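Visitor: This is the structure I have questions about; it appears just below.
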Amino acid sequence: MTAFSLDPARTARCAELRALAAERLRPLAEKGEPGRVNRPLVAELGQLGLLDALFEERGEAGAGAGAGGSGALDLCLMRESLAYACTEAETALALQGLGAHPVHAHGTRAQRERWLPPVRAGQAVAAFALSEPGAGSDAAALGLTAEPDGPDGWRLTGEKCWISNAPEADFYTVFARTAPGAGARGVTAFLVPADRAGLTGAPLDMLSPHPIGALDFDGVRVGGDDVLGEVDRGFRVAMTTLNRFRPSVGAFAVGMAQSALDATLAHTAERTAFGGKLKDLQAVAHQVAEMATRTEAARLMVYAAAAAYDREGPRGEGIARRAAMAKLIATETAQYVVDAAVQLHGARALRRGHLLEHLYREVRAPRIYEGASEVQRTVIAKELYASLAPAPSSAPTPTSGEEPSA
């Protein structure tokens with residue numbers, strides 16, 4: 001139970017989500033193939049109405065019992081609850097949100113009507129295609145070019161890499177350079193269906209078990225009706241999407257940390273060693289106390305960042321800093337907690353199929369994607385110094401991550 005004030009309906013909803021994840025989603029996840037999109041799992045998320053919650057506005061009817069809609073805090077609670085019991089389900093849900101949120105927030109009516117209903121139903125898979133082989137943390141250095149083709153069109157040429165759900169997604173939110181030499185101001189976001197001529201891809205064999213791949217654009221034709229937002233203003237589309245999802249990446253991490261902590265509490269309370277229970281050894285008890293304290297601190301920062309986003313909106317003062325702080329502390333904490341849990345469990349935690357073996361593989365990637373920890377520290381420091389003096393800086397600021405997934 002957290003010290004953060006959650007109303008009873010939200011608390012009950014979290015318990016319900018944990019039960020759904022364990023009873024209905026985990027069996028589907030276990031049947032999936034690592035590194036591939038698990039479409040039955042995505043479809044079940046849609047059937048349960050969980051994908052709907054990603055796109056409902058706060059206060060909208062049917063947005064979840066007592067949750068007041070799909071605000072950033074509700075998204076965090078959902079991701080934390082799912083991650084506790086089934087990381088694969090949490091990731092599948094988050095990737096749908098990340099890939100389709102730009103359509104929801106910046107798309108035209110036609111784009112929204114074409115793609116959001118099947119995404120919400122779990123029948124279409126979305127992907128967020130920002131990172132490239134030479135432009136991960138420095139997203140303003142994107143090299144995928146959009147060359148003019150006629151009065152209202154472009155040809156996309158180049159590569160994307162470390163794209164979650166690639167190459168199996170049904171459509172991609174793609175960020176390409178439309179104004180050479182303009183940095184962040186020359187990027188445009190496009191909605192690109194997977195069946196466009198010239199678009200190919202290949203899966204990448206990664207540590208994380210969820211699907212990640214590379215995309216190749218060989219003169220892929222896009223038109224004005226494929227633009228998301230405004231031409232040359234796509235960087236804003238990317239950053240508002242990432243700022244919305246960064247605190248909830250922290251929630252994913254908190255869910256994993258809590259799962260590892262609870263497993264450790266149960267193990268150390270039952271395991272006998274040196275004539276007594278492990279929990280009676282001071283070194284063990286203090287380690288568990290540290291794990292619990294760090295997990296709770298991370299949870300509170302995640303909730304605070306999400307509540308600030310809900311209260312002030314994506315352009316509110318300090319929103320980027322809070323989002324960066326939440327992601328930073330939560331992902332670093334989860335790495336610490338899972339590692340400590342493995343140590344306290346011993347060799348059994350290294351056996352393939354053990355909960356902690358699974359979490360150990362899952363927990364590493366969030367410290368890199370959607371802005372590596374070093375990038376978050378850069379964002380935090382920049383925001384802090386900007387509050388002291390309005391002096392402009394010519395130094396580029398990293399703003400994204402090597403693998404923009406959830």
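None of the figures in this text is laboratory data; all of them are computed from the coordinates on show. Here the structure is a predicted model, which means the values were calculated and not measured. Glycine also receives a Cβ, built like all others from the backbone with ideal geometry; neighbour counts cover every protein chain displayed.
Visitor: Measure off 7 Å from each Cα along the Cα-to-Cβ vector at A266 and H354, then give the distance between these two points in nanometres to one decimal.
Guide: Those two pseudo-labels are separated by 1.4 nm.
Visitor: Taking N as the number of residues in the chain, what value does Rg over Cα atoms divided by 2.2 N^0.38 Å take?
Guide: Compactness ratio reported: 0.98.
Visitor: What's the magnitude of the charge dipole for the chain around its Cα centre, counting Lys and Arg as +1 and Asp and Glu as -1 at the beta-carbon? Answer in Debye, nearest 20.
Guide: 700 debye
Visitor: Which one, T241, G316, L328, projects farthest toward the positive side of the charge dipole computed for region 235-386 from Cβ point charges (K/R +1, D/E -1)?
Guide: Value computed over the given set: T241.
Visitor: Please compute P(r) over all alpha-carbon pairs of region 215-289, binned at 10 Å starting from zero, and give each bin as a whole-number percent.
Guide: 15, 23, 18, 14, 12, 13, 6, 0
Visitor: Grab the beta carbon distance between R185 and R361, set R0 = 35 Å, and tell me the FRET efficiency rounded to 0.05.
Guide: Working: r = 39 Å, r/R0 = 1.11.
After rounding to 0.05, the efficiency reads 0.35.
Visitor: In which sequence would M256, M78, M325 go, from the one with the fewest C-beta neighbours within 10 Å to the one with the most?
Guide: M325, M78, M256
Visitor: I need L17, L45, L116 ordered by Cβ neighbour count within 10 Å, fewest first.
Guide: L116, L17, L45
Visitor: Could I ask something else about it? If you take the beta carbon distance between R112 and E23 as r and set R0 to 45 Å, what does 1/(1 + (r/R0)^6) give as a FRET efficiency, to the nearest 0.05?
Guide: After rounding, the FRET efficiency stands at 0.85.
Visitor: Still on this model: How big is the charge dipole of region 8-121 about its Cα centre, in debye rounded to the nearest 20, if each Lys and Arg gets +1 on its Cβ and each Asp and Glu gets -1 on its Cβ?
Guide: The dipole of region 8-121 has a size of about 180 debye.
Visitor: Sticking to Cα atoms, compute the Rg of region 235-386 to one decimal and its Dmax as the biggest Cα-Cα distance, whole number, in Å.
Guide: 17.5, 61
Visitor: Can I ask one more? Got a sec? Charge dipole of the chain, +1 on Cβ for Lys and Arg, -1 for Asp and Glu; which of A129, P34, P148 is way out at the positive end?
Guide: The listed residue farthest towards the positive side: P34.
Visitor: Give me S5, S81, S164 sorted ascending by neighbouring Cβ count inside 10 Å, so fewest comes first.
Guide: Taking fewest neighbouring Cβ atoms as first place, the list is S5, S81, S164.
Visitor: Continuing with this model, one more query. Amide H neighbours of A194 under 5 Å, at least 5 residues apart or on other chains, H built in the peptide plane: list them.
Guide: F171, Y172
Visitor: Using a Cα-Cα cut-off of under 18 Å, which lysines could be cross-linked to K327, ignoring same-chain neighbours fewer than 8 residues away?
Guide: Qualifying lysines at Cα under 18 Å: K382.
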